[in-house]
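Okay, so here's the structure we're looking at.
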Number of protein chains: 2
Amino acid sequence: MPETILAEVVTIGDEILFGQITDTNTQWISTELTNIGIRTVRKSSVGDQAEAILQILQEAHQRANVIILTGGLGPTKDDITKHTLCRYFNTELVMNPDALAMVTGFFAKRGRAMTELNRLQAALPANCVYIPNHWGTAPGMWFEHDQGDVRGRVYVSLPGVPFEMKSLMTNLILPKLQAHFRTPVILHKMIRTVGIGESFLAERIEQWEDALPPQIRLAYLPSFGQVKLRLTATGTNAQQLQQELAEQVANVLPLIDQHVFGFDSDELETVVGRLLKEKSLTLGIAESCTGGYVSAQITKVPGASAYFWGSIVSYANEIKVKELGVDRAVLAEHGAVSEPTIQAMAEGVRRVLGTSVGIATSGIAGPDGGTPDKPVGTIWIACATDQRTVTRLLKLGQYREQNIQLTTNYVLNLLREELLTLN
Amino acid sequence: MPETILAEVVTIGDEILFGQITDTNTQWISTELTNIGIRTVRKSSVGDQAEAILQILQEAHQRANVIILTGGLGPTKDDITKHTLCRYFNTELVMNPDALAMVTGFFAKRGRAMTELNRLQAALPANCVYIPNHWGTAPGMWFEHDQGDVRGRVYVSLPGVPFEMKSLMTNLILPKLQAHFRTPVILHKMIRTVGIGESFLAERIEQWEDALPPQIRLAYLPSFGQVKLRLTATGTNAQQLQQELAEQVANVLPLIDQHVFGFDSDELETVVGRLLKEKSLTLGIAESCTGGYVSAQITKVPGASAYFWGSIVSYANEIKVKELGVDRAVLAEHGAVSEPTIQAMAEGVRRVLGTSVGIATSGIAGPDGGTPDKPVGTIWIACATDQRTVTRLLKLGQYREQNIQLTTNYVLNLLREELLTLN
């Protein structure tokens with residue numbers, strides 16, 4: 001079995017250290033590295049200070065074969081990654097003609113004026129391989145260090161702008177890494193469950209988990225109302241590992257069957273989308289407390305227009321009456337957060353938009369608006385089809401954003417369950 | 001000036017290393033630490049392996065006064081943080097009666113059965129101060145190490161579940177840290193701009209930036225169509241620093257005035273919400289390509305119901321006609337992605353929902369659906385008031401999610417600009 005290639009992923013920038021922006025790069029990078037059999041052993045964020053950057057470079061050098069840096073390549077004064085890499089590699093910046101042509105072209109193409117700061121982005125450490133950035137102005141850089149080592153340790157420096165970094169990684173860096181290293185086979189299989197807690201899931205599958213072979217590891221990944229079971233197999237024979245994974249999945253599924261909604265990258269919104277398409281059904285949504293979030297999840301999926309017709313976000317009661325045809329008397333007697341209202345909303349949106357299925361949400365997301373009998377977190381959801389209308393009462397917590405996300409998760413799962421009952 | 005207290009934030013879990021879940025904890029923690037004058041010097045993620053956890057503990061011990069760990073405290077077999085802390089501190093797990101009572105109560109209160117795995121969550125390292133978790137089943141832990149040091153280095157171990165971690169930090173850990181350390185004053189002022197690129201912004205304010213005093217640092221934080229300018233002042237006299245920050249802000253504002261939409265934690269959705277409230281106006285939204293995302297941003301803001309009445313997500317053209325009153329002839333002649341249609345959508349939603357303002361989006365978010373004359377990224381936005389209807393054509397990229405977020409950003413800014421013109 002070939003030596004495992006280890007990676008360290010480093011983000012550079014005070015903005016991440018101080019918590020001013022969310023770092024989505026390291027997650028994406030480590031996922032992609034995993035998929036080509038490179039195992040991330042450490043992720044770090046350091047500030048825009050040369051000493052901190054030099055220290056992490058020296059540490060990472062001890063731990064990893066591949067060191068991927070993002071950030072600190074912007075045109076402004078607070079970006080010092082390139083200068084620090086020069087210090088680390090004991091070299092200097094030289095203007096790279098290809099990079100300069102690229103930056104110049106980037107601005108010309110967009111009819112935008114190029115500043116001196118932009119021009120200087122084309123100056124690169126003398127020892128780096130220039131990686132052209134077709135998606136922005138900061139070039140990528142590839143360094144091969146300690147040539148004594150047969151493989152040669154690799155350093156990669158990329159801009160922090162997520163879509164530039166992703167484009168560079170996907171099109172240029174990942175293939176280059178695969179060509180450079182002999183990587184082992186690492187396979188993942190994700191089983192996605194909904195509606196059962198982590199510890200209860202663990203007890204159900206304990207015997208199966210204890211019997212897993214050493215080359216297969218299990219992890220529990222809980223998130224809003226869902227728990228993902230991730231199986232990771234490591235070895236040399238992809239076909240054999242694939243088969244071993246399939247066997248283990250086949251063994252565990254009967255134990256948790258009714259809670260499994262999908263596998264791998266499946267999300268509830270992609271699963272219901274698939275079901276709607278297969279059954280040639282259309283969807284309409286009436287949202288109150290989720291305020292458009294359910295619709296946004298559904299339409300995140302490319303091609304959603306094939307089955308999603310539209311939504312009515314009825315935040316004001318007047319809109320529930322005018323647009324969804326909810327009876328004023330029902331609202332007056334039971335209120336907006338009640339079973340009769342949620343039923344009328346789900347059936348109303350199905351009728352008004354003329355779709356085969358209608359789902360609805362109405363509740364008190366918080367932080368205000370709670371009452372003794374209807375505290376914050378009291379939320380009704382419903383799903384209406386030509387067969388029946390199913391309603392459910394959720395008793396959630398006091399956190400607005402969490403309530404919105406959990407409600408979305410529950411109403412999409414209710415939709416999934418109802419779709420499975422239809423032909 | 002007191003010695004600066006340095007912090008290191010560590011997340012533990014293969015799921016983060018492998019990129020299976022997003023780490024939002026470190027960002028939140030470092031922001032909160034910054035606010036109490038504790039400076040994060042390093043953030044790291046390590047896997048669920050004892051050796052990796054021991055190594056980061058030893059490294060962090062060299063760099064930081066405060067080491068905050070999250071994750072690896074779950075009830076399942078893959079969570080080993082507690083055992084590793086015992087090895088690091090050379091102690092052992094003992095059942096903590098208070099913690100056991102808390103866990104037992106947690107399940108009793110919810111009428112849920114308690115498993116042996118849950119019971120074991122109450123076993124803690126002998127040398128830790130037990131931090132009660134009122135929000136979940138995994139207790140928090142506080143360790144004071146190397147007592148030779150006057151202040152005493154502090155280690156904190158918290159569950160990885162974000163809302164449990166946040167509740168523990170806010171209510172128990174942050175106050176305890178403030179009591180334990182003498183912290184310097186670190187003040188931040190964020191200026192939020194929209195509609196100008198980072199390098200152009202930098203050129204406009206270059207002279208001002210070069211003249212900043214040493215105790216005030218500047219950072220550029222770009223994100224979808226926005227650039228945040230973060231000023232950071234460090235010292236001992238809060239009042240004086242506050243005044244120096246105010247002066248610098250007053251100096252720079254005239255240079256970038258028309259691009260500034262807010263300060264500090266202001267978001268476009270909170271700013272437009274404030275404007276709508278101040279002017280006693282109501283908002284209705286017609287969304288096509290953004291599929292509910294604009295509405296979801298507006299309703300993320302607590303109290304949005306004071307000015308937001310509702311939305312019509314008209315994904316299907318039929319809904320544009322039936323619900324928004326867009327003329328079939330207009331759709332037939334110009335198509336859904338056109339100026340006449342976007343104008344009809346904005347005016348239609350305003351009329352149909354009876355709101356004072358209507359905004360609308362319609363375009364090709366991608367990845368499919370582009371044509372030679374209307375490629376992916378061709379998007380129209382509009383804002384209709386009782387004064388006029390303003391439309392804008394956006395030419396964005398080929399990435400669906402980015403197009404949705406950028407369009408939302410632009411239409412909210414268009415709304416902001418129009419609201420400023422109204423009395």
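The values are calculated or read from the model by the stated rules, or taken from the named source; none is laboratory data. All values derive from a computational prediction rather than experimental measurement. For neighbour counting, all protein chains shown are included, and Cβ atoms are generated from backbone atoms with ideal geometry for every residue, glycine included. The accessibility values were calculated without ligands, DNA or RNA, using every heavy atom of the protein model including side chains. Shrake-Rupley method; radii C 1.70, N 1.55, O 1.52, S 1.80 Å.
Please find, among B:104, B:84, the residue that is assigned by TED's automatic domain parsing to the domain that holds residue B:170, polar (S, T, N, Q) and either open to solvent by 10 Å² or more (accessible area, probe 1.4 Å) or under 18 Å from residue A:197 (Cα atoms) (or both).
B:104
Tell me, please, whether a residue that is crowded, with 16+ Cβ neighbours inside 10 Å and assigned to a loop (DSSP other than H, G, I, E, B) can be found in segment A:140-149. Let's see the steps before the verdict.
The initial filter retains those residues of segment A:140-149 that are crowded, with 16+ Cβ neighbours inside 10 Å, namely A:140-143, A:145.
Keeping just the survivors that are assigned to a loop (DSSP other than H, G, I, E, B) gives none.
No: segment A:140-149 contains no residue that is crowded, with 16+ Cβ neighbours inside 10 Å and assigned to a loop (DSSP other than H, G, I, E, B).
Pick from A:301, A:330, A:337, A:321: which is within 14 Å of chain B (Cβ to nearest Cβ), over 22 Å from residue A:418 (Cβ atoms) and surrounded by fewer than 23 Cβ atoms within 10 Å (Cβ to Cβ)?
Numbers: A:301 fails: over 22 Å from residue A:418 (Cβ atoms); A:330 fails: within 14 Å of chain B (Cβ to nearest Cβ); A:337 fails: over 22 Å from residue A:418 (Cβ atoms).
That would be A:321, the only listed residue that is within 14 Å of chain B (Cβ to nearest Cβ), over 22 Å from residue A:418 (Cβ atoms) and surrounded by fewer than 23 Cβ atoms within 10 Å (Cβ to Cβ).
Please pick out the residue among A:258, A:297, A:248 that is closer than 24 Å to residue A:387 by Cα and under 28 Å from the mean Cα position of the chain (by Cα). I'd like the intermediate steps shown before the answer.
Numbers: A:297 fails: closer than 24 Å to residue A:387 by Cα; A:248 fails: closer than 24 Å to residue A:387 by Cα.
Residue meeting the stated conditions: A:258.
Please pick out the residue among B:392, B:351 that is in a helix (DSSP H, G or I) and open to solvent by 60 Å² or more (accessible area, probe 1.4 Å).
Among B:392, B:351, only B:351 is in a helix (DSSP H, G or I) and open to solvent by 60 Å² or more (accessible area, probe 1.4 Å).
So, of the residues in segment A:103-133 that are under 21 Å from residue A:171 (Cα atoms) and modelled with pLDDT of 90 or more, which turns out to be nearest to the chain's Cα centre (by Cα)?
A:133
State whether one or more residues within segment B:118-130 are open to solvent by 50 Å² or more (accessible area, probe 1.4 Å) and free of Cβ contacts under 8 Å to residues at least 12 places away in the same chain.
So far as segment B:118-130 goes, no, none of its residues is open to solvent by 50 Å² or more (accessible area, probe 1.4 Å) and free of Cβ contacts under 8 Å to residues at least 12 places away in the same chain.
Taking the criterion of being assigned to a loop (DSSP other than H, G, I, E, B), among the hydrophobic types (A, V, I, L, M, F, W, C) and in contact with a strand residue (DSSP E or B) (Cβ under 9 Å, 6 or more places away or on another chain), would at least one residue in segment A:102-120 satisfy it?
Narrowing segment A:102-120 to residues assigned to a loop (DSSP other than H, G, I, E, B): A:110-115.
Among the residues that remain, those that are also among the hydrophobic types (A, V, I, L, M, F, W, C) are: A:113-114.
Keeping just the survivors that are in contact with a strand residue (DSSP E or B) (Cβ under 9 Å, 6 or more places away or on another chain) gives none.
No, segment A:102-120 contains no residue that is assigned to a loop (DSSP other than H, G, I, E, B), among the hydrophobic types (A, V, I, L, M, F, W, C) and in contact with a strand residue (DSSP E or B) (Cβ under 9 Å, 6 or more places away or on another chain).
Can you name every residue in segment B:283-296 that is at negative phi and either among the hydroxyl-bearing types (Ser, Thr, Tyr) or facing chain A (nearest Cβ under 8 Å) (or both)?
Matches in segment B:283-296: B:285, B:287, B:288, B:290, B:293, B:294, B:295, B:296.
Taking the condition of being outside any loop (DSSP other than H, G, I, E, B) and more than 31 Å from the chain's Cα centre (by Cα), how many residues in segment A:81-92 meet it?
6
Here are the criteria: (1) farther than 30 Å from residue B:237 by Cβ; (2) open to solvent by 10 Å² or more (accessible area, probe 1.4 Å); (3) more than 7 Å from every other protein chain (Cβ to nearest Cβ). Tell me which single one residue B:21 does not satisfy.
(3)
What number of residues within segment A:93-102 satisfy the criterion of being closer than 22 Å to residue A:68 by Cβ and more than 35 Å from the chain's Cα centre (by Cα)?
Of the residues in segment A:93-102, 2 are closer than 22 Å to residue A:68 by Cβ and more than 35 Å from the chain's Cα centre (by Cα).
Taking residue A:54 as the residue in question, decide whether it is more than 9 Å from every other protein chain (Cβ to nearest Cβ) and closer than 29 Å to residue B:39 by Cα.
Taking the combined requirement at face value, the residue satisfies it.
Answer yes or no as to whether residue A:217 is without any contact (Cβ under 8 Å) to a residue 24 or more places away in the chain and either within 14 Å of another protein chain (Cβ to nearest Cβ) or in a loop (DSSP other than H, G, I, E, B) (or both). Spell out the reasoning first.
Numbers: without any contact (Cβ under 8 Å) to a residue 24 or more places away in the chain: yes; either within 14 Å of another protein chain (Cβ to nearest Cβ) or in a loop (DSSP other than H, G, I, E, B) (or both): yes.
Against the criterion (without any contact (Cβ under 8 Å) to a residue 24 or more places away in the chain and either within 14 Å of another protein chain (Cβ to nearest Cβ) or in a loop (DSSP other than H, G, I, E, B) (or both)), residue A:217 qualifies.
Check whether at least one residue in segment A:25-32 is touching a helix residue (DSSP H, G or I) at 6+ places or on another chain (Cβ under 7 Å), surrounded by fewer than 17 Cβ atoms within 10 Å (Cβ to Cβ) and aliphatic (A, V, I, L, M), and report yes or no.
no
What is the one condition in (1) within 10 Å of chain A (Cβ to nearest Cβ); (2) within 28 Å of the chain's Cα centre (by Cα); (3) of a type outside the set (Ser, Thr, Tyr) that residue B:59 does not satisfy?
Going through the list (1) within 10 Å of chain A (Cβ to nearest Cβ); (2) within 28 Å of the chain's Cα centre (by Cα); (3) of a type outside the set (Ser, Thr, Tyr), residue B:59 breaks only (2).
Residues of segment A:247-270 being within 30 Å of residue A:336 (Cα to Cα) and either open to solvent by less than 10 Å² (accessible area, probe 1.4 Å) or assigned to a loop (DSSP other than H, G, I, E, B) (or both), which ones?
Selection gives A:267, A:268.
Inside segment B:39-51, can you point out the residues that are open to solvent by less than 40 Å² (accessible area, probe 1.4 Å) and either facing another protein chain (nearest Cβ under 8 Å) or out of contact with any Ser or Thr (no Cβ under 6 Å at 6 or more places or on another chain) (or both)?
B:40, B:41, B:42, B:43, B:44, B:45, B:46, B:47, B:48
Please enumerate the residues belonging to segment A:354-389 that are of a type in the set (Val, Ile, Thr) and assigned to a strand (DSSP E or B).
Once the filter is applied, which keeps residues that are of a type in the set (Val, Ile, Thr) and assigned to a strand (DSSP E or B), segment A:354-389 yields A:357, A:359, A:361, A:378, A:379, A:381, A:389.
If I ask for residues that are within 12 Å of residue B:419 (Cα to Cα) and open to solvent by less than 60 Å² (accessible area, probe 1.4 Å), which ones from segment B:370-388 would you list?
The answer is B:383, B:384, B:385.
Give all pairs with beta carbons closer than 7 Å in which a residue from segment A:377-405 that is within 11 Å of another protein chain (Cβ to nearest Cβ) and over 14 Å from residue A:224 (Cα atoms) meets a residue that is open to solvent by 10 Å² or more (accessible area, probe 1.4 Å) and not in a strand (DSSP E or B); count only pairs at least 6 apart in sequence or on separate chains.
Note: pairs meeting the criteria are A:398/A:367; A:398/A:376.
Among (1) under 30 Å from residue A:348 (Cβ atoms); (2) open to solvent by 20 Å² or more (accessible area, probe 1.4 Å); (3) in contact (Cβ under 8 Å) with a residue 60 or more places away in the chain, where does residue A:277 come up short?
Result: residue A:277 passes all but (3).
Report, by residue number, each residue of segment A:154-198 that is open to solvent by less than 60 Å² (accessible area, probe 1.4 Å) and basic (Lys, Arg).
Hits for segment A:154-198 are A:189, A:192.
Condition test on residue B:201, is it in a helix (DSSP H, G or I), open to solvent by less than 20 Å² (accessible area, probe 1.4 Å) and either more than 13 Å from chain A (Cβ to nearest Cβ) or not hydrophobic (A, V, I, L, M, F, W, C) (or both)?
No; evaluated as a whole, the condition is false for this residue.
Taking segment A:304-318 on its own, how many of its residues are among the polar types (S, T, N, Q), surrounded by fewer than 24 Cβ atoms within 10 Å (Cβ to Cβ) and facing another protein chain (nearest Cβ under 7 Å)?
1
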